[in-house]
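The values are calculated or read from the model by the stated rules, or taken from the named source; none is laboratory data. Nothing here was measured: the structure is a model prediction, and the numbers come from that model. Note that we place each Cβ from the backbone using ideal geometry, even for glycine, and neighbour counts take in every protein chain shown. For the accessible areas, the whole protein counts, side chains as well, though only heavy atoms, and no ligand, DNA or RNA atoms are used. Shrake-Rupley method; radii C 1.70, N 1.55, O 1.52, S 1.80 Å.
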Amino acid sequence: MEEPIFSDLADKITEYTGGNHMIGLTIQVFLVVFAVVVFNFFLRRFLAKLEEKTHHTTSFWDNALIEAVRKPATILAWIIGLSFAAEILQVETEVTLLDLIEPIRVIGVIGCITWFVIRFIGNVQKGIIAKRHANNEPVDITTVDAVGKLLRISVLITATLVTLQSLGFSISGVLAFGGIGGLAVSFAAKDLLANFFGGLMIYMDRPFAVGDWIRSNDRNIEGTVEDIGWRLTRIRTFDQRPLYVPNAIFTQIAVENPSRMTNRRISETIGVRYDDIASIGNIVSDIKTMLRNHPEIDQNQTLIVNFNQYGPSSLDIMVYTFTKTTAWVKFHEIKQDVLLKMGDIIASHGGQVAFPTQTLHVFNNEANPNTEPVEGRPASQAS
């Protein structure tokens, strides 16, 4: 049905051009390309205005949709327009190479639709996170990212199967070949698959998420998680260097997640001089009272203040308690305040914080001439 239409159109244009067939063919192609250019111009302006209006709405869905469709729509218009122009050339010239127009158009259309859907999924993913942050609501970035990746993989697999089906390939045969080939690939790429399933386990078990501070003594890993991919997890160490860890490693090591701590611990041993032993009970009691009344100390956690032991040069008081905050900087400010207040309490009782000292007792032989000499040494050296 298409050939008569194109032939009639070519005949009319050729008639208007004085019978020059090539000029007529060139005019036909030019008109098609010009129509695509004009259509694309108005399409882009229309989508731009539509996108500008969506910025004033409270929902992010419309903005995600319009932003995702802009580029694929213009490319799709070019694919359809140029394929139409190529069909005109095929009808008029019967060039064998132009027989590839139909499969190329099918691949292009499916590719543009796939591109649009993937962009839409990414925009929705960003919109959900941005809206949660704007409303000061908690958001699990790791879960959102995992769902987005699974949806994109599903779209790509579906698009591939639809493309193969449209090109005349048997889907059942492709799937059967994939099952046999997958066994061979699994042996050749076992490390890649191990990392893939390691990433899957991270998404399912969720031992850590993006933004968490993690560490492992097994592999000397410590830093903040920046990204969890299907093969690698990127960690930013505290010296600001990126550390790329294969996901399979996390199935073999113990990982500590300090970001999920509920409190931070203050554990100190304060030494008081032996000269202050008479005041040690009151010092312990006042330190405990101070901690009980401190607004930044969690009273629901263990709180211990006791005279613990007779040290080599001090009377040791054990202080064990927890702060309400888990923030690193604020914790140290609270700890500083607690230590200074304990120093003030010790000083208020006339005591002092002990430091390593030694007392040497020397006997004077002139004052005590009856002192027996130490065996092997003169009496004058006895002490």
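Overview of values
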read-out: Tally of residues being touching a Leu at 6+ places or on another chain (Cβ under 9 Å) and exposed (fewer than 15 other Cβ atoms within 10 Å of the Cβ) across region 237-267; value: 2
read-out: Residue tally, condition farther than 30 Å from Ser166 by Cα and in a helix (DSSP H, G or I), over region 107-145; value: 15
read-out: Filter result for the condition that a residue is within 50 Å of the chain's Cα centre (by Cα) and either of a type outside the set (Asp, Glu) or surrounded by 14 or more Cβ atoms within 10 Å (Cβ to Cβ) (or both), over Gly311, Gly351; value: Gly311
read-out: Residue within region 237-252 that is over 17 Å from Ala146 (Cβ atoms), more than 20 Å from the chain's Cα centre (by Cα) and among the polar types (S, T, N, Q) present; value: yes
read-out: Residues located in region 290-327, provided they are under 23 Å from Gln352 (Cα atoms), in a loop (DSSP other than H, G, I, E, B) and in contact with a strand residue (DSSP E or B) (Cβ under 8 Å, 6 or more places away or on another chain); value: Gly311, Ser313, Ser314
read-out: Failed item, numbered, when Gly376 is tested on (1) at negative phi; (2) modelled with pLDDT under 90; value: (1)
read-out: Every residue from region 255-306 that is basic (Lys, Arg), over 24 Å from Asp212 (Cα atoms) and in contact (Cβ under 8 Å) with a residue 40 or more places away in the chain; value: Arg273
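To keep it simple, each residue is scored yes or no on (1) under 18 Å from Ala327 (Cα atoms); (2) open to solvent by 70 Å² or more (accessible area, probe 1.4 Å); (3) touching a Lys or Arg at 6+ places or on another chain (Cβ under 8 Å).
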residue: Asn195; (1), (2), (3): no, no, yes
residue: Gly211; (1), (2), (3): yes, no, no
residue: Ser216; (1), (2), (3): no, no, no
residue: Glu226; (1), (2), (3): no, no, yes
residue: Thr233; (1), (2), (3): no, no, no
